Each structure stands twice: as structure tokens, then as C-alpha cells.
1. Name every residue in the range 105-148 that is small (Gly, Ala, Ser), buried (at least 19 other Cβ atoms within 10 Å of the Cβ) and assigned to a strand (DSSP E or B), in order of residue number.
2. Determine, yes or no, whether residue 73 is aliphatic (A, V, I, L, M), part of a helix (DSSP H, G or I) and buried (at least 18 other Cβ atoms within 10 Å of the Cβ).
3. Among (1) small (Gly, Ala, Ser); (2) outside any helix (DSSP H, G or I); (3) surrounded by 19 or more Cβ atoms within 10 Å (Cβ to Cβ), there is one condition residue 63 misses while meeting the rest; what is its number?
4. Considering only residues that are farther than 17 Å from residue 117 by Cβ and in contact (Cβ under 8 Å) with a residue 60 or more places away in the chain, look in the range 167-187 and name the one that is farthest from the chain's Cα centre (by Cα).
5. Does residue 85 satisfy the criteria of being buried (at least 18 other Cβ atoms within 10 Å of the Cβ), in contact with a Cys (Cβ under 9 Å, 6 or more places away or on another chain), in contact (Cβ under 8 Å) with a residue 24 or more places away in the chain and closer than 21 Å to residue 227 by Cβ?
6. Just to be sure before I move on: is residue 55 surrounded by fewer than 19 Cβ atoms within 10 Å (Cβ to Cβ) and part of a loop (DSSP other than H, G, I, E, B) in the structure I sent?
7. I'd like the full set of residues that are within 22 Å of residue 72 (Cα to Cα) and out of contact with any Leu (no Cβ under 8 Å at 6 or more places or on another chain), limited to the range 127-142.
8. Would you tally the residues in the range 181-197 being assigned to a helix (DSSP H, G or I) and either open to solvent by 70 Å² or more (accessible area, probe 1.4 Å) or on the phi > 0 side of the Ramachandran plot (or both)?
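The values are calculated or read from the model by the stated rules, or taken from the named source; none is laboratory data. Here the structure is a predicted model, which is why all the values come from computation and not from measurement. Here Cβ is always computed from backbone atoms with ideal geometry, including for glycine, and neighbour counts include all displayed protein chains. Quick note on the areas: whole protein, heavy atoms, side chains included, nothing else; ligands and nucleic acids left out. Shrake-Rupley method; radii C 1.70, N 1.55, O 1.52, S 1.80 Å.
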Amino acid sequence: MTREPLSVVVTTYNNAATLARCLASVDFAEERLVLDSGSTDGTEAIAREHGAQWHVEPFKGYGPQKQSAVAKATHRWVLLLDADECVPPDCRVAIERALQQPAVAGFRIPRREQVFWRLAHPGVRHARMLRLFDRGRVRFSSDAVHAAPLVDGPEGRIEEAFVHHGEPDIRTKVQKINAYSSGMVADKAAQGYAFVRTRMLLQPPLQFLRSYLVNRKFLSGWAGFIGSVTEAYYVFLKYAKLYESRQRRRDE
């Protein structure tokens with residue numbers, strides 16, 4: 001049975017270390033498109049080597065940048081990836097099967113994480129990401145950091161996971177946590193969060209328990225424990241930086 005043609009869309013900025021693996025894993029797609037925001041490493045050469053369309057635009061924010069990239073796709077169905085993600089063979093088969101007669105607006109796919117020196121145990125509860133969708137029925141959330149696609153219509157599910165290689169070591173994880181938590185301050189301030197000090201006290205340990213026990217990251221051994229601690233630290237920093245921002249404005 002034939003399937004719907006597929007466009008794979010990737011946004012990049014200095015991703016030479018991971019882009020080749022990403023693009024090679026989706027060589028089954030009819031179109032691969034990269035929207036870059038001014039890379040100075042070998043990202044462009046790698047994209048062209050793998051036959052991807054190459055576009056460059058100044059970074060407009062996570063949501064607007066991804067929306068612009070999706071708008072450049074030729075085909076109705078789009079698979080949206082980050083440059084540090086890839087599609088293993090079993091996930092590829094599932095995607096192609098889903099596109100044979102899609103009766104939904106998009107599909108959520110589990111994402112298996114690299115946890116520092118290893119991949120997460122298969123028994124870990126993976127987050128499901130809306131990454132395969134009908135581009136005519138999608139918009140992006142306005143979140144400052146974690147902008148995500150939202151579809152107008154029903155969603156389906158694909159059970160085989162794609163893989164995220166974005167955090168190969170603790171140092172990289174902590175750098176991301178610091179940057180993302182700072183990027184979210186303005187959004188959280190605009191939302192008028194109450195009980196910030198209480199949240200700062202209670203939510204980090206609750207996040208650790210949710211991550212380590214409920215999401216079963218204990219199955220990944222010490223890597224899972226360290227990862228769960230850093231997730232709790234991320235929650236702490238979000239509220240600590242919001243509290244700091246409010247104190248600074250009050251003292252001005």
C-alpha cells in the first residue's frame with residue numbers, strides 16, 4: 001500500500017556534531033529541509049551532503065522559527081525533528097505504516113532519551129511528542145523555550161520511539177537547564193504565578209519522585225538517578241529565578 005509523501009523538517013544552529021546522524025536516519029523521506037539560524041560550523045556542508053534543502057533565517061524564537069520551517073515544506077505530512085534527534089529503523093517502519101491511510105491530524109511518538117553515558121532503559125516511561133502532523137492543521141504554542149506543535153483535530157499514536165541524543169554528559173544538561181530556566185522567567189512572570197516560594201520548596205522534590213519512580217527512571221541505574229536530580233534542579237531554578245526577578249523589580 002502506498003503512503004503519503006513525507007517532508008522532514010529540521011531547525012539548526014551549529015549542529016555539525018549531530019546533523020549527519022539525524023538526516024541519514026530519515027533518508028526514506030521524499031523531502032528533507034533544514035532551516036538554519038546562522039551556523040558558523042560545518043552544518044551547511046553536512047545538510048547539502050545529505051541532499052537536504054538549505055534555508056537561512058535569523059532566529060525569531062523557537063515557535064516562530066519552527067513554524068517558518070514547516071511552512072517551507074512541500075508535502076502535506078511533516079516529521080519535525082531537532083538536529084540531535086534520529087529515527088531508528090523500527091520507528092521508521094511505524095511512521096511509514098501510519099502514513100498509509102492517516103485518519104488523524106497528527107501522531108504522538110515516544111522519545112527515548114540519551115541519559116549522559118547511556119540510552120534510557122526501554123522500560124522508562126518516555127514522553128510522547130507530537131512530531132508527525134498534517135502541516136495544514138498545525139500551529140505552534142507561544143512558549144518562550146518549549147514551543148510545541150498543536151494540531152486542529154484528533155491525534156494518533158505511534159508506539160516505536162525516536163531517539164534524542166541532546167544530553168551526552170552532565171555538563172551539557174546543566175548548561176541547558178541554566179539557559180532554559182532563564183528563558184522562561186518572562187513567560188512565568190506574565191502568567192502571574194502565585195506562591196512562588198512554596199513552589200520553590202515543594203515542587204523540586206515532587207518532580208524528583210515523579211521522574212525517578214512514576215516515570216521509572218530508576219531502571220536506568222545511576223544515570224537515571226542523576227537525570228532525575230537534574231530535573232528537580234531545573235524546576236527549582238525556574239521558580240528561584242522568577243522569585244529573584246520579582247525581588248529585583250520590587251527593589252528598583
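1. 106
2. Answer is no for this residue.
3. So residue 63 meets the others, but not (2).
4. Here the answer is 185.
5. Details: buried (at least 18 other Cβ atoms within 10 Å of the Cβ): yes; in contact with a Cys (Cβ under 9 Å, 6 or more places away or on another chain): yes; in contact (Cβ under 8 Å) with a residue 24 or more places away in the chain: yes; closer than 21 Å to residue 227 by Cβ: yes.
Yes, satisfied.
6. Numbers: surrounded by fewer than 19 Cβ atoms within 10 Å (Cβ to Cβ): yes; part of a loop (DSSP other than H, G, I, E, B): no.
In short, no.
7. At the first step, the residues of the range 127-142 found to be within 22 Å of residue 72 (Cα to Cα) are 129-142.
If the condition is that a residue be within 22 Å of residue 72 (Cα to Cα) and out of contact with any Leu (no Cβ under 8 Å at 6 or more places or on another chain), then 129, 134, 135, 136, 137, 142 are the ones that fit.
8. 3
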